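Beneath this line is the structure, given in structure tokens, with notes to follow.
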């Protein structure tokens, strides 16, 4: 599905632009006010909003509503973003009105911390089934294509955490954000990426 891939990647870039501070049109000002409200009232960062909107856009195939003969993708995404933000605000306002969040001082530890690791050579020594290299040229090609998608979607710091080269707790501290807030934000990104992979036929 090469056409879908190109459209979705371009759509993601347009979402980033729509949620930025760069636009000077009235629609951009409307979006800015909504993003500011979500941040101040509900604590949502711009990155959280971006991945929420994109995941919804992909999972519900809303990109299929875009007609390039009638409007540019950038215009379509800007208006889609504005209306989606209205729905997001309603959802969070409703949750705020009906539920009270309870925080635990000593919450469960993230499973990625302190997990046991062992080398490939050690697994081969003990005869672990499936460790023998059976990678085909097609596997290699698909792996490279998937890696390129990951690099396009995630920034370098997130990739290092996802791949286990950097600790989540250390990354949250580096960014000066709450650990659970960081984990929630990263999980949203991963969830949005899974939606993209599903749409492209990887999952």
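The values are calculated or read from the model by the stated rules, or taken from the named source; none is laboratory data. What you are looking at is a predicted structure, and each value in this text was computed from that prediction instead of being measured. Don't worry about glycine lacking a Cβ; one is built from the backbone with ideal geometry, like all the others, and counts go over all protein chains shown.
Across region 23-35, the qualifying residues are those that are in a helix (DSSP H, G or I) and farther than 26 Å from residue 190 by Cβ, and the one among them that is farthest from the chain's Cα centre (by Cα) is 26.
Hey, could you check region 1-22 for residues that are farther than 18 Å from residue 65 by Cα and outside any helix (DSSP H, G or I) and say which is modelled with the highest pLDDT? Filtering first and then ranking leaves 19. Within region 168-182, the only residue that satisfies the criterion of being surrounded by 19 or more Cβ atoms within 10 Å (Cβ to Cβ) and within 16 Å of residue 49 (Cα to Cα) is 182. Considering only residues that are more than 14 Å from residue 88 (Cα to Cα) and free of Cβ contacts under 8 Å to residues at least 40 places away in the same chain, look in region 41-65 and name the one that is surrounded by the most Cβ atoms within 10 Å (Cβ to Cβ). For region 41-65, the residue satisfying everything is 62.
Under the condition of being surrounded by 13 or more Cβ atoms within 10 Å (Cβ to Cβ) and in contact with a helix residue (DSSP H, G or I) (Cβ under 9 Å, 6 or more places away or on another chain), the residues counted in region 14-40 number 17. Among the residues making up region 175-202, those that are outside any helix (DSSP H, G or I) and closer than 19 Å to residue 6 by Cβ are 200, 201, 202. Pairs are defined by a Cβ separation below 9 Å, a sequence spacing of at least 6 or placement on different chains, a first member in region 74-96 that is on the phi < 0 side of the Ramachandran plot, and a second member that is surrounded by fewer than 12 Cβ atoms within 10 Å (Cβ to Cβ) and part of a helix (DSSP H, G or I); the pairs so defined are 76/65; 80/65.
When region 56-83 is limited to residues that are at pLDDT below 90 and within 18 Å of residue 187 (Cβ to Cβ), the one that is farthest from the chain's Cα centre (by Cα) turns out to be 59. Only residues that are under 18 Å from residue 186 (Cβ atoms) and more than 16 Å from the chain's Cα centre (by Cα) were counted across region 40-55, and they come to 1.
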